[in-house]
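Asks: This is the structure I have questions about; it appears just below.
The values are calculated or read from the model by the stated rules, or taken from the named source; none is laboratory data. These figures come from a predicted structure and were not determined experimentally. Note: ideal-geometry Cβ built from the backbone for every residue, glycine included; neighbour counts use all protein chains shown.
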Amino acid sequence: MTFSKNKILEELPFVSVESNLRKSYNIAPTQHAYVVTNESPKRLQYLTWGLIPHWSSDGKNSGKLINARMEGIESKPSFRLPIRQRRCLVLADSFYEWRKEGKQKIPYRIQLKNGRLMVMAGIWDEWYSDKYKVKSFSILTTPPNAEMADIHTRMPLILPWQELQKDWLRSHELSDVLAQIETPPDDLLYRYRVSSDVGSVKNDSAKLHEEVREPLRLF
């Protein structure tokens, strides 16, 4: 997340931002990201990426639950309570995805065409041990839209309009929640190739957002 506090306040006027934001160009699983939960829909929070279910025996974040597939989410042990009671908005300027070309993986940066804040649908949970508490989240994923289909078989559930964002945080019957989960519309995203340096969590600078020219293909 590299957007400024003013950008958040402008695009999410229903959210209060109490301090300056921590900037990151390469957020990795088990690290923190900015979210807005249905429990506190007017407050920006900094939660751990990678859901730790409330019933976890040890509270460890292995990074295996960074995403929650939409298919059957209501019956998965880790997700069935959060999808009903603990939903959130996950904020980003963009996300990275890798396209496979033979044995090679090519990284791309994907952002909204209109340059606005990317708001993704998420679920959260909290794990307790005595007085110690960890709040964590997963991002919902769907089959890809037209812009993503040749890169990956999945994509985040993006909520591009403010009414959709508010609705995700409201209390609903499960059937109504599930009706909101669908592949994002086409003609929404802009993508370009970036450096393979994004594959290492050690790298976190503005250079990661720079475009890398696609090699010429000779036929």
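Asks: Can you find a residue in the stretch 31-50 that is among the β-branched types (Val, Ile, Thr), in a loop (DSSP other than H, G, I, E, B) and in contact with a Ser or Thr (Cβ under 7 Å, 6 or more places away or on another chain)? Give the derivation first.
Replies: Residues of the stretch 31-50 among the β-branched types (Val, Ile, Thr): 35-37, 48.
From the residues that got through so far, the ones that are in a loop (DSSP other than H, G, I, E, B) too are none.
Within the stretch 31-50, none of the residues are among the β-branched types (Val, Ile, Thr), in a loop (DSSP other than H, G, I, E, B) and in contact with a Ser or Thr (Cβ under 7 Å, 6 or more places away or on another chain).
Asks: If you don't mind, there's one more thing I want to ask. Taking the stretch 135-174 as the search range and keeping residues that are under 14 Å from Pro82 (Cα atoms) and of a type in the set (S, T, N, Q), which one is surrounded by the fewest Cβ atoms within 10 Å (Cβ to Cβ)? Full working, then the answer.
Replies: Of the residues in the stretch 135-174, the ones under 14 Å from Pro82 (Cα atoms) are 135-140, 168-174.
From what is left, the residues that are of a type in the set (S, T, N, Q) are 136, 138, 171.
Values: Ser136: 26, Ser138: 26, Ser171: 10.
For the stretch 135-174, the residue satisfying everything is Ser171.
Asks: Quick check on my filter: what residues within the stretch 143-187 are part of a strand (DSSP E or B) and hydrophobic (A, V, I, L, M, F, W, C)? Outline the logic, then answer.
Replies: Taking the stretch 143-187 and keeping what is part of a strand (DSSP E or B), we get 155-156, 158.
Once the filter is applied, which keeps residues that are part of a strand (DSSP E or B) and hydrophobic (A, V, I, L, M, F, W, C), the stretch 143-187 yields Met155, Ile158.
Asks: On to the next question. Pick from Arg99, Arg43: which is of a type in the set (Lys, Arg) and surrounded by 15 or more Cβ atoms within 10 Å (Cβ to Cβ)?
Replies: Values: Arg43 fails: surrounded by 15 or more Cβ atoms within 10 Å (Cβ to Cβ).
That would be Arg99, the only listed residue that is of a type in the set (Lys, Arg) and surrounded by 15 or more Cβ atoms within 10 Å (Cβ to Cβ).
Asks: Right, next: Checking the structure you have, find out if any residue of the stretch 196-219 is part of a strand (DSSP E or B), at negative phi and not polar (S, T, N, Q).
Replies: Filtering the stretch 196-219 down to residues part of a strand (DSSP E or B) leaves none.
No, that holds for no residue.
Asks: Every residue in the stretch 16-29 that is modelled with pLDDT of 95 or more and either surrounded by fewer than 16 Cβ atoms within 10 Å (Cβ to Cβ) or touching a helix residue (DSSP H, G or I) at 6+ places or on another chain (Cβ under 7 Å) (or both), please.
Replies: Within the stretch 16-29, Tyr25, Asn26 meet the criteria.
Asks: If I ask for residues that are of a type in the set (Ser, Thr, Tyr) and under 17 Å from the mean Cα position of the chain (by Cα), which ones from the stretch 27-61 would you list?
Replies: Step one: of the stretch 27-61, the residues of a type in the set (Ser, Thr, Tyr) are 30, 34, 37, 40, 46, 48, 56-57.
The answer is Thr30, Tyr34, Thr37, Tyr46, Thr48.
Asks: Now for a different question. Working carefully through the options Glu10, Glu74, find the one that is of a type in the set (D, E, K, R) and either buried (at least 18 other Cβ atoms within 10 Å of the Cβ) or out of contact with any helix residue (DSSP H, G or I) (no Cβ under 9 Å at 6 or more places or on another chain) (or both).
Replies: On the way: Glu74 fails: either buried (at least 18 other Cβ atoms within 10 Å of the Cβ) or out of contact with any helix residue (DSSP H, G or I) (no Cβ under 9 Å at 6 or more places or on another chain) (or both).
One residue alone meets the criteria, Glu10.
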